[in-house]
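Written out below as C-alpha cells is the structure these notes cover.
The values are calculated or read from the model by the stated rules, or taken from the named source; none is laboratory data. This is a predicted model, so every value here is computed, not measured. Every residue, glycine as well, gets a Cβ built from its backbone with ideal geometry; the counts of neighbours run over all protein chains shown.
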Amino acid sequence: MIGHMNLLNNTFANQTVLITGHTGFKGSWLTTWLLQLRAKVVGYSLPDLPTTPSNFAAMQLDRRITDIRGDIRDYAKLHQVIAEHKPSIIFHLAAQPIVLHAVRQPKESFDANAGGTVNLLEAVRTTNSVRAVVAITTDKVYRNQEWLWGYRESDTLGGHDPYSASKAMAELAITAYRETYFPAHRYGEHGVAIASARAGNVIGGGDFADYRLVPDCMKALMAGQPIEVRNPISVRPWQHVLEPLSGYLWLAAKLLHEGAAFAEAWNFGPLEQKGITTQAVAETLIALWGNGRFLHANTDHLPKIETGLLRLSWDKAAARLNWRPVYSWEEALAEIVAWFQAWQQQKDMYQICCNHIEAYIQQARDLKLEWSL
C-alpha cells in the first residue's frame, strides 16, 4: 500500500470514483493508482477490451473494482450508472483514441469523443452526487501552427483531422456546460467543478495499441522483428503514463477542496521542452532491450495527417498546481522496458504496476513535489 500521501489520501480514501474508459491503457493505470489510494472504483467501458493483450487483463482489475460494461454513447445506461453508484469524482477517459482509426471511421470517433463527452456532462447535470470531473482530451485539440514553442491553454482550439476535431469539440462542450450550468460565481449553489486535461503521446508499460510508436517498438522487440518507424524525424512530447496521471489526481483533489478556482483547462507535458524524435525513441528502446534494429517504414498507403512538430507548455500547471514532471524521457523508456520484461516473465503484473507507481512517487518526493508529500 502506498504510504502517507496526505491530501491525495484524504481526497480519495473511501470515495466512490467513476472512471470511464477504465479498461484502456491510461484507465487501467489510473484504476490501479486509485486502488492504492483506497478509493472505491467504478469502471465504465465497452464490453470488449481495447487490445489483446491488455494491461487491464494482465492485472486482473475486474476482480478488484466494480466493473461495468457499457458504451459512452449510451446516455441512458451511463446516466443509470451515475445515478445508482453516486460517484463524487469522475475521470472521463472513454474515447476513440487512435488518429488513423478516426480517419477510417470518422462518425464513430465524433460520436464517442464529442457525443460521449456531452453524454457524461449531461448525466452529471441531471444527477446530484458528482462534485469533481476531470475530462481527459488530448494535446491535439490545438489548431496546429507548427510552432517551436509549446501550446498554452489559452491558444486557439482546432483540428484538421477527425480525431483532433472531435477532441476540440469535446473541449467546447466542457466549456459550454461549465459556463452555463456550473459557473464559478454560483459554485456555492451547485458545488460542481469541471476541468479538462490535455496531454499527448503518453507512453508506458501495458500499452499494446496499434499505430503507436512505443507499443509497435515493444511488440517488434519481443517478437525479434525489426521496428518499423513511420516518421523518424517527427517530434513528440513523450511522457510516461504516470506523469499526466499524477496531474489528473492532483487536479481532482484541488477541484474537490478548492472548487471553481481550478475548474478550467490544464496541460500536462514532459520534462523535455524541445521534444524527442521518434527515431531517438526507437534507438533508445533497442539499446535498453539489448538487441534489435529499426527501419523507415513505407507509409505511402497511409493518410498524411500527422504533424511534424507538437509540443505542450505546462507552465500553468507548474505555477498554479505546483506540478511538474518527474521522469526524463530516458527514464520513462527504462520503466517501459522493465514492465515488458516482467510481463514476458509472467510476473504478478498488478504488483509490478504498484511497484512502478511507488517508485514514481518516491522520486517525486525526492523532488519535494507538493502532491507527493
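So in the range 119-156, with the set limited to residues that are small (Gly, Ala, Ser) and touching a Pro at 6+ places or on another chain (Cβ under 8 Å), which one is nearest to LEU18 (Cα to Cα)? Lay out the reasoning, then the answer.
Step one: of the range 119-156, the residues small (Gly, Ala, Ser) are 123, 129, 132, 135, 150, 154.
From what is left, the residues that are touching a Pro at 6+ places or on another chain (Cβ under 8 Å) are 129, 150.
Details: SER129: 11, GLY150: 31 Å.
Across the range 119-156, the extreme among qualifying residues is SER129.
Quick one: is SER129 part of a loop (DSSP other than H, G, I, E, B) and either buried (at least 20 other Cβ atoms within 10 Å of the Cβ) or touching a helix residue (DSSP H, G or I) at 6+ places or on another chain (Cβ under 8 Å) (or both)?
Working: part of a loop (DSSP other than H, G, I, E, B): yes; either buried (at least 20 other Cβ atoms within 10 Å of the Cβ) or touching a helix residue (DSSP H, G or I) at 6+ places or on another chain (Cβ under 8 Å) (or both): yes.
Against the criterion (part of a loop (DSSP other than H, G, I, E, B) and either buried (at least 20 other Cβ atoms within 10 Å of the Cβ) or touching a helix residue (DSSP H, G or I) at 6+ places or on another chain (Cβ under 8 Å) (or both)), SER129 qualifies.
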Qualifying positions in the range 207-222 - under 22 Å from PRO237 (Cβ atoms) and small (Gly, Ala, Ser): ALA209
Looking for something over 21 Å from LYS140 (Cβ atoms) and surrounded by 21 or more Cβ atoms within 10 Å (Cβ to Cβ) - is there at least one such residue anywhere in the range 228-240? no
Any residue in the range 83-94 that is touching a helix residue (DSSP H, G or I) at 6+ places or on another chain (Cβ under 7 Å), surrounded by fewer than 16 Cβ atoms within 10 Å (Cβ to Cβ) and assigned to a helix (DSSP H, G or I)? no
I need the full set of residues from the range 298-335 which are β-branched (Val, Ile, Thr), touching an Asp or Glu at 6+ places or on another chain (Cβ under 8 Å) and either at pLDDT below 95 or assigned to a helix (DSSP H, G or I) (or both), in order please. ILE305, THR307
Selection within the range 102-116 - out of contact with any helix residue (DSSP H, G or I) (no Cβ under 7 Å at 6 or more places or on another chain), over 18 Å from THR127 (Cβ atoms) and buried (at least 17 other Cβ atoms within 10 Å of the Cβ): ASP111, ALA112, GLY115
When you scan the range 174-189, do you find a residue that is at pLDDT below 95, in contact with a helix residue (DSSP H, G or I) (Cβ under 7 Å, 6 or more places away or on another chain), surrounded by 19 or more Cβ atoms within 10 Å (Cβ to Cβ) and not aliphatic (A, V, I, L, M), even just one? no
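Just give me the residues in the range 37-85 being of a type in the set (Phe, Trp, Tyr) and under 18 Å from the mean Cα position of the chain (by Cα), in sequence order.
Answer for the range 37-85, where residues must be of a type in the set (Phe, Trp, Tyr) and under 18 Å from the mean Cα position of the chain (by Cα): TYR44, PHE56.
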Which condition from (1) of a type in the set (Gly, Ala, Ser); (2) closer than 27 Å to PRO50 by Cβ; (3) out of contact with any Pro (no Cβ under 9 Å at 6 or more places or on another chain); (4) at pLDDT 95 or above is the one that GLY159 breaks? (4)
Of all residues in the range 95-117 being hydrophobic (A, V, I, L, M, F, W, C) and assigned to a loop (DSSP other than H, G, I, E, B), which is nearest to the chain's Cα centre (by Cα)? ALA95
State yes or no: is TRP339 among the aromatic types (Phe, Trp, Tyr), surrounded by 16 or more Cβ atoms within 10 Å (Cβ to Cβ) and not in a loop (DSSP other than H, G, I, E, B)? yes
So, in the range 204-234, of the ones that are more than 18 Å from LEU100 (Cα to Cα) and among the β-branched types (Val, Ile, Thr), which residue ends up modelled with the highest pLDDT? ILE227
Filtered residues of the range 132-153 (kept if touching a residue at least 60 places away in the same chain (Cβ under 8 Å), surrounded by fewer than 21 Cβ atoms within 10 Å (Cβ to Cβ) and closer than 25 Å to TYR177 by Cα): ARG152, GLU153
